[in-house]
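Novice: There's a structure below that I have some questions on.
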Amino acid sequence: MIKEKLPYFVDKYKIDFVIANAENATHGKGLIHNHYQELVDAGIDVITLGNHYDSKNEIYRYIDRSDRLIRPINLLKEFPGEGSALFDIDGVTIRVTNVLGSAFMNIDVNSPYLATLQLLEEAEPSDIHIIDFHAEATGEKQSYAYAFDGVVSVVLGTHTHVQTNDARILPKGTAFISDVGMTGFYDGVLGFDKESVIRKNMYGEKSKFEPPEDGRGVLSAVVLDIDETNGLAKDIFNIYFVEE
């Protein structure tokens, strides 16, 4: 879907910078180097991760030499890589930050609020600051976004694989959506073959969740228009494209 459809949307909306969360890109959990490189070659400018950041051991070997890959900033354990990075696009500096939520995630993390406050205090300033807030609960995502409304440019929720219908600009100028949604297999469960998920949920069978070899795809995204003079959002709207 990325290789086939991303160039069309980049051209249609005159996109300057593309961010993708790819923590599920390798068979549903984690990201190997080959898939990282495929996404970069397909036009992704920076890749964020989430709770499956370390699901593939290979990432320990390549993340430090991958300048477009960002892992969560608020991990409790020491882990290579960076949780926030600065990019220059035609003289406009864009900071991208990856933060993990703490509610219902089955992973212990430092407070996403305190980690973000520390980053804002210590990091080099930027014209635009976009945060991928990878979290389960919509309430936590909304609370986090309001806490940093007017301080950062955008808070994009990820993790649930289902695009929400609440894209908006908050009162102080920060763009927000509870979840950007999933790009992958459409006629399944969270991108996986539905029968394998049903067998596990109904009968307790141990089955490996895999995307099927063929089927309809979906591409979920949001388009952002940000004023680089003040770092605040001017527009946010959804893309939800399903193959026929």
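Novice: Among the numbered criteria (1) in contact with a His (Cβ under 9 Å, 6 or more places away or on another chain); (2) closer than 27 Å to HIS129 by Cα; (3) part of a loop (DSSP other than H, G, I, E, B), which one does PRO211 miss?
Specialist: Against the list (1) in contact with a His (Cβ under 9 Å, 6 or more places away or on another chain); (2) closer than 27 Å to HIS129 by Cα; (3) part of a loop (DSSP other than H, G, I, E, B), PRO211 comes up short only on (2).
Novice: Report every pair of residues separated by at least 6 positions or lying on different chains whose Cβ atoms are under 7 Å apart, first residue within segment 227-244 and of a type in the set (Gly, Ala, Ser), second in a loop (DSSP other than H, G, I, E, B).
Specialist: Partner pairs satisfying both residue conditions: GLY231/ASP127; GLY231/SER153; ALA233/SER153; ALA233/GLY173; ALA233/THR174.
Novice: How many residues, within segment 100-119, are in contact (Cβ under 8 Å) with a residue 40 or more places away in the chain and either in contact with a strand residue (DSSP E or B) (Cβ under 8 Å, 6 or more places away or on another chain) or surrounded by 16 or more Cβ atoms within 10 Å (Cβ to Cβ) (or both)?
Specialist: Looking only at that region, the number is 7.
Novice: For segment 30-85, name all the residues that are surrounded by fewer than 16 Cβ atoms within 10 Å (Cβ to Cβ), hydroxyl-bearing (Ser, Thr, Tyr) and under 17 Å from THR97 (Cβ atoms).
Specialist: none
Novice: For VAL180, state whether it is part of a loop (DSSP other than H, G, I, E, B), farther than 26 Å from PHE79 by Cβ, modelled with pLDDT of 95 or more and aliphatic (A, V, I, L, M). I'd like the intermediate steps shown before the answer.
Specialist: Details: part of a loop (DSSP other than H, G, I, E, B): yes; farther than 26 Å from PHE79 by Cβ: no; modelled with pLDDT of 95 or more: yes; aliphatic (A, V, I, L, M): yes.
So VAL180 fails the test.
Novice: Next question, about the same structure. Suppose the filter is modelled with pLDDT of 95 or more, exposed (fewer than 13 other Cβ atoms within 10 Å of the Cβ), out of contact with any Cys (no Cβ under 8 Å at 6 or more places or on another chain) and assigned to a strand (DSSP E or B); does LYS234 pass it?
Specialist: Taking the combined requirement at face value, the residue satisfies it.
Novice: Mind checking which residues of segment 188-208 are at negative phi, part of a loop (DSSP other than H, G, I, E, B) and surrounded by 13 or more Cβ atoms within 10 Å (Cβ to Cβ)?
Specialist: Passing the criteria: GLY188, ASP193, SER207.
Novice: Somewhere in segment 32-45, is a residue at positive phi and in contact (Cβ under 8 Å) with a residue 60 or more places away in the chain? Reasoning before the result, please.
Specialist: From segment 32-45, those at positive phi are 43; that's our starting set.
Now narrow it down to the ones that are in contact (Cβ under 8 Å) with a residue 60 or more places away in the chain: none.
No, that holds for no residue.
Novice: How many residues are among the polar types (S, T, N, Q) and within 13 Å of the chain's Cα centre (by Cα) if we restrict to segment 134-181?
Specialist: Filtering segment 134-181 for residues among the polar types (S, T, N, Q) gives 138, 142-143, 153, 158, 160, 163-165, 174, 178.
So of that shortlist, the ones also within 13 Å of the chain's Cα centre (by Cα) come out as 158, 160, 163, 178.
Adding up the residues that qualify gives 4.
Conditions (1) crowded, with 21+ Cβ neighbours inside 10 Å; (2) over 27 Å from ASN106 (Cα atoms), marked per residue:
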position	(1), (2)
GLU121	no, yes
THR138	no, no
ALA145	yes, no
SER153	yes, yes
THR160	no, no
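The values are calculated or read from the model by the stated rules, or taken from the named source; none is laboratory data. It should be emphasised that the depicted structure is a prediction, and the values quoted were computed from it without experimental measurement. Counting neighbours? That spans all protein chains shown, and the Cβs are built from the backbone with ideal geometry, glycine included.
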